[in-house]
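*Asks:* Okay, here's the structure, questions in a sec.
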Amino acid sequence: MDKTALALLFAKTFPFWEELCDDDRATLLRSSQKIHFRKGTTIHDGSECTGLILVKSGSLRVYILSEDGKEITLYRLFEGDMCILSASCVLESITFDVFIDAEDDSDCVVVGGCAFAQVSERVPQVRIFALENAVSRFSDVMWVMQQILFMSFDKRLAIFLLDESSKNGTDTIKLTHEQIAKYMGSAREVVTRMLKYFVSEGLVTASRSEGIRIADKKRLRDIAL
């Protein structure tokens, strides 16, 4: 991706771009690169400051790992989204590790964390932007924690299926029970048990070849409320 295209992208993405001096713009442009990540690739493992990740196409999953290796999905990133939690050197108050995987083949622009941190120290608007972005993502994280801690599993699963249906524009969810368990921070056996109940109630149909299909969206919404 050439510098002109990058500059146009940053002008659309960063509200502070026009306020930067030429040297700071050049610093961010030099430290940035477009990278293609194959499906299943771990992009960020929490051990270093990867930098800001801008998603141009595809989708990424941001999650945390428990001590026993259990994954809890915090949120997912799609075209036009940005992740700041992968740049711990920008926000030193982030003291927990997040992991990021490519859910699909994805094209991203990665802005070097050290360069972004340097510019943010000189330009208050850059640091404010980073903080605001982090706060908005923490709202997503708190929603996930609220679901895990306070919602019954049938309600959580109904919300998940409806969200997947809305995101993909289809009533068929082509995810395995294991994948759903990862996204929801649960065990595969729990997902399987609840899906069997949903099938018995006529809320969904399920098969290995076709995946999970929502059969009664109205009743599923009633559970999700």
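The values are calculated or read from the model by the stated rules, or taken from the named source; none is laboratory data. What you see is a predicted model, and the numbers here were worked out from it, not measured in a lab. Note that we place each Cβ from the backbone using ideal geometry, even for glycine, and neighbour counts take in every protein chain shown. Areas reflect the complete protein model, heavy atoms only, side chains present, ligands, DNA and RNA absent. Shrake-Rupley method; radii C 1.70, N 1.55, O 1.52, S 1.80 Å.
*Asks:* Suppose the filter is aliphatic (A, V, I, L, M) and open to solvent by less than 10 Å² (accessible area, probe 1.4 Å); does residue 115 pass it?
*Replies:* Against the criterion (aliphatic (A, V, I, L, M) and open to solvent by less than 10 Å² (accessible area, probe 1.4 Å)), residue 115 does not qualify.
*Asks:* Would the stretch 124-144 turn up any residue that is touching a Ser or Thr at 6+ places or on another chain (Cβ under 9 Å) and small (Gly, Ala, Ser)?
*Replies:* yes
*Asks:* Let me ask something else. Within the stretch 1-20, track down each residue that is touching a Phe, Trp or Tyr at 6+ places or on another chain (Cβ under 9 Å) and surrounded by 14 or more Cβ atoms within 10 Å (Cβ to Cβ).
*Replies:* So in the stretch 1-20, the residues touching a Phe, Trp or Tyr at 6+ places or on another chain (Cβ under 9 Å) come out as 7, 10-11, 14-17, 20.
Selection gives 7, 10, 14, 16, 17, 20.
*Asks:* For the stretch 148-166, indicate whether the set of residues that are closer than 28 Å to residue 66 by Cβ and in a loop (DSSP other than H, G, I, E, B) is non-empty. So that I can check it myself, show each step before the final result.
*Replies:* If we filter the stretch 148-166 for residues that are closer than 28 Å to residue 66 by Cβ, which is where we start, we get 148-164.
In the following step, the residues that additionally are in a loop (DSSP other than H, G, I, E, B) were identified as 151-152.
Yes, the stretch 148-166 contains at least one residue that is closer than 28 Å to residue 66 by Cβ and in a loop (DSSP other than H, G, I, E, B).
*Asks:* Mind listing whichever residues of the stretch 118-145 are open to solvent by less than 80 Å² (accessible area, probe 1.4 Å) and within 16 Å of the chain's Cα centre (by Cα)?
*Replies:* 133, 134, 136, 137, 138, 139, 140, 141, 144, 145
*Asks:* Report yes if some residue within the stretch 138-145 is under 28 Å from residue 117 (Cα atoms) and in contact (Cβ under 8 Å) with a residue 12 or more places away in the chain; otherwise report no.
*Replies:* yes
*Asks:* State all residues of the stretch 40-97 that are over 24 Å from residue 6 (Cα atoms), assigned to a loop (DSSP other than H, G, I, E, B) and open to solvent by less than 30 Å² (accessible area, probe 1.4 Å); if no residue qualifies, say none.
*Replies:* Selection gives 46, 94.
*Asks:* Follow-up question, since we're still on this one. So the check is Cβ under 6 Å with 6+ separation or different chains; which pairs have a first residue in the stretch 42-66 that's within 16 Å of residue 105 (Cβ to Cβ) and a second one that's open to solvent by 50 Å² or more (accessible area, probe 1.4 Å) and assigned to a loop (DSSP other than H, G, I, E, B)?
*Replies:* 55/79; 57/79; 58/104; 58/105; 59/78; 59/104
*Asks:* Please pick out the residue among 23, 101 that is at negative phi, assigned to a strand (DSSP E or B), out of contact with any Asp or Glu (no Cβ under 7 Å at 6 or more places or on another chain) and open to solvent by 20 Å² or more (accessible area, probe 1.4 Å). Don't jump to the end; show me each part of the working.
*Replies:* On the way: 23 fails: assigned to a strand (DSSP E or B).
Answer to the check: 101.
Condition check ((1) over 18 Å from residue 77 (Cα atoms); (2) hydrophobic (A, V, I, L, M, F, W, C)) across all residues:
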residue	(1), (2)
108	no, yes
132	no, no
138	no, yes
160	no, yes
165	no, no
212	yes, yes
225	yes, yes
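*Asks:* Among the residues of the stretch 146-172, count how many are surrounded by 13 or more Cβ atoms within 10 Å (Cβ to Cβ), out of contact with any strand residue (DSSP E or B) (no Cβ under 8 Å at 6 or more places or on another chain) and not hydroxyl-bearing (Ser, Thr, Tyr). Steps first, please.
*Replies:* Let us first name the residues in the stretch 146-172 that are surrounded by 13 or more Cβ atoms within 10 Å (Cβ to Cβ), namely 147-148, 151, 153-165, 170-172.
Narrowing the set further to residues that are out of contact with any strand residue (DSSP E or B) (no Cβ under 8 Å at 6 or more places or on another chain) leaves 147, 151, 153-160, 163, 170.
With the extra rule that they be not hydroxyl-bearing (Ser, Thr, Tyr), the set shrinks to 147, 151, 153-160, 163.
Qualifying residue count, the stretch 146-172: 11.
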